[in-house]
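Each remark here refers to the structure printed beneath this line.
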Amino acid sequence: MIVRYEVFDEDYVPEEILFRDTQIRRIAVNLKPAEHGSRPVNMLCLGPPATGKTTVIKHVMRMAEHAVTGVYVNCQVHQTRQQIFLRIFEHLHGYIPPSGISFQKLYSAILRNVVEEGRILLVVLDDVNLLPAKLADEVMFLILKGHEEVDGFKAGLVGISTDMKFLASLDAKTTSVFHPDEVVFPVYDFEEMLEILRKRAVEGVVGGRVSDEALEIIAERAFEYLDLRFGIQALKMAVLNADRKGRDVVGVEDVEEVLEQSRTAFFRKMISALSREEADVLAAIYTSDVRYTGDIYAMFRSRLSYTKFYEILRKLENLRLIDTATKYDRGLKRYVVRRFRADEVLSAIDEFLK
């Protein structure tokens with residue numbers, strides 16, 4: 001068999017995206033004003049990790065490239081104001097500006113290029129909720145108020161967030177110019193995950209196939225984790241395993257041999273998005289019998305402010321490493337629920353902190 005391994009890559013955008021027709025149509029409609037020379041509607045794409053937000057946005061950007069100049073910024077990678085605007089500059093100009101360029105010159109060059117080239121800019125800030133709140137406010141405000149600096153500048157903004165309450169965290173000054181349409185991406189159910197994995201298998205394995213039983217095992221584990229990306233990674237490793245052994249059919253044995261490796265890679269990737277402080281809080285949650293958030297905070301009171309601690313909890317929940325809920329125990333109290341086995345998470349944390 002011939003394997004198209006790029007089909008299993010995280011950044012692969014298929015020609016047909018399953019189970020997201022509603023979101024695709026809504027985003028496309030929001031970009032329609034750009035076809036008539038006007039600013040597109042700003043958007044917030046909201047939903048848990050691995051629900052198709054980034055894939056759908058990239059798909060629609062590709063469809064609308066005649067109307068907008070789309071710039072994708074991964075906020076897990078670009079985490080300062082300078083880094084974010086350097087990414088925008090590079091996309092527009094095709095090269096990286098000289099090191100040491102002042103931010104004002106960088107910002108002005110971006111605005112002027114958009115106007116001089118007759119472009120309408122669409123900036124996509126993926127995982128925008130992982131930026132510090134003040135930085136997110138500043139970046140978004142600078143993009144949306146660029147027309148006050150250079151006449152004729154037109155830009156739209158798309159924020160992709162796993163935090164459903166991200167809009168409430170923004171400053172009033174930012175929300176006064178943002179006014180996003182909120183596009184919600186629900187978690188895929190088991191049958192949807194299975195069908196998406198089946199389609200990837202058909203696209204990626206040429207002259208061979210992945211057995212139904214193998215696909216079902218992968219889909220079951222992906223649904224257990226509520227993370228389609230885990231399923232795609234496991235499928236890739238199973239296909240690689242079969243290819244290495246010269247088999248044309250990817251079977252149950254191929255999946256079972258790579259599931260542990262895929263699970264390790266899955267947790268390693270999630271933990272890599274954390275800072276040292278965030279990893280410490282997560283480790284405390286998975287090693288302690290303490291469950292109430294107030295009691296967990298008491299363990300970190302000397303190191304973290306109340307606000308910072310709850311920001312960390314919110315990030316861990318957005319990454320789906322934990323869940324939180326409330327119950328009555330001599331008053332309403334918030335408590336933490338572990339989503340995974342402690343040994344899996346703690347092993348990934350230990351490796352991360354080495």
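Assorted remarks:
- Reciprocal of mean inverse Cα separation for the chain (Kirkwood radius, Å): 22.2
- Less than 5 angstrom separates the built amide H of V210 from those of V250, all sequence-distant by 5 or more or on a different chain.
- The alpha carbons of the stretch 24-74 give a radius of gyration and a Dmax of 11.0, 34 Å, in that order.
- Taking each residue as 0.36 nm, the span from V252 to R334 lengthens on full extension beyond its C-alpha to C-alpha distance by 25.3 nm.
- Most mobile of D163, D289, D254 in a GNM of the chain (Cα contacts under 10 Å): D289
- Where labels lie 7 Å past Cα in the beta-carbon direction, separation of K245 and A133 in nm: 5.3
- Set of aspartates and glutamates near K134 by C-alpha distance (under 18 Å), chain-local residues within fewer than 8 positions excluded: D126, D163, D171, E311
- Placing a label point 7 Å from the Cα of E195 along the Cα-to-Cβ line, the residues of the stretch 2-24 whose backbone N sits under 13 Å from it are 17-22.
- Percentage relative contact order, the stretch 305-354, counting C-alpha pairs under 8 Å, at least six apart: 23
- Taking every alpha-carbon pair in the stretch 1-92 and binning the separations at 10 Å intervals from zero gives 14, 39, 37, 9, 1 percent.
- Among the listed pairs K32/K105; K165/K327; K173/K327, a Cα-Cα separation exceeding 25 Å is found for K32/K105; K173/K327.
- When the Cα convex hull of the stretch 99-258 is projected onto planes of every orientation, the mean area is 14.0 nm².
- Calculated FRET efficiency for the pair R112/V29, C-beta based, R₀ 30 Å, to 0.05: 0.50
- When the alpha-carbon atoms of the stretch 1-52 are used, the pair Rg, Dmax equals 15.0, 49 angstrom.
- In Å, descending, principal axis extents of the Cα set of the stretch 258-354: 47, 26, 21
- Percent RCO, i.e. relative contact order, over the chain, from Cα pairs under 8 Å lying at least 6 residues apart: 19
- Distance cut-off 18 Å, percentage of C-alpha pairs in the stretch 43-107 lying past it: 49
- Only Cα sites of the stretch 158-237 enter the Debye sum here, all with the same form factor; the resulting log10 I(q)/I(0) across q = 0.11, 0.12, 0.15 1/Å is -0.45, -0.50, -0.64, listed in q order.
- Label-point separation in nm, E6 to E220, each point 7 Å along Cα→Cβ: 3.5
- Dimensions (Å) - the stretch 4-162, Cα atoms, principal axes, largest first: 43, 33, 32
- Near Y328: Cβ cut-off under 15 Å, other residues only, Lys/Arg at +1 and Asp/Glu at -1. The net charge is +4.
- Stretching D295 away from S272 to a fully extended chain increases their span by 5.7 nm, per 0.36 nm per residue minus the current alpha-carbon distance.
- Between V187 and K327, the FRET efficiency from the beta-carbon distance, with R0 = 22 Å, is close to 0.40.
- Centroid-to-centroid, using Cα positions, the stretch 253-299 and the stretch 61-117 are 35 Å apart.
- Descending semi-axes in whole angstrom, ellipsoid equivalent of the stretch 117-211, from the Cα gyration tensor: 37, 19, 10
- Spin-label pair S302/Q104, simplified geometry with 7 Å Cα→Cβ offset, distance in nm: 4.6
- Under a 5 Å amide H cut-off, with hydrogens placed 1.01 Å from N, L44 pairs with G159, D181, E182, V183 among residues at least 5 apart or on other chains.
- Taking 18 Å as the straight-line reach from the Cα of K245, the lysines in range (excluding those fewer than 8 positions away in the same chain) are K236.
- Over all Cα atoms in the stretch 151-194, the spread is summed up by Rg and Dmax: 15.2, 51 Å.
Computed from the coordinates by the stated procedures, all read-outs in this text should not be read as laboratory data. Predicted model only: the values in this text are computed from it and were never measured. Using ideal geometry, Cβ is built from the backbone for each residue, glycine included, and neighbour counts are taken over all protein chains shown.
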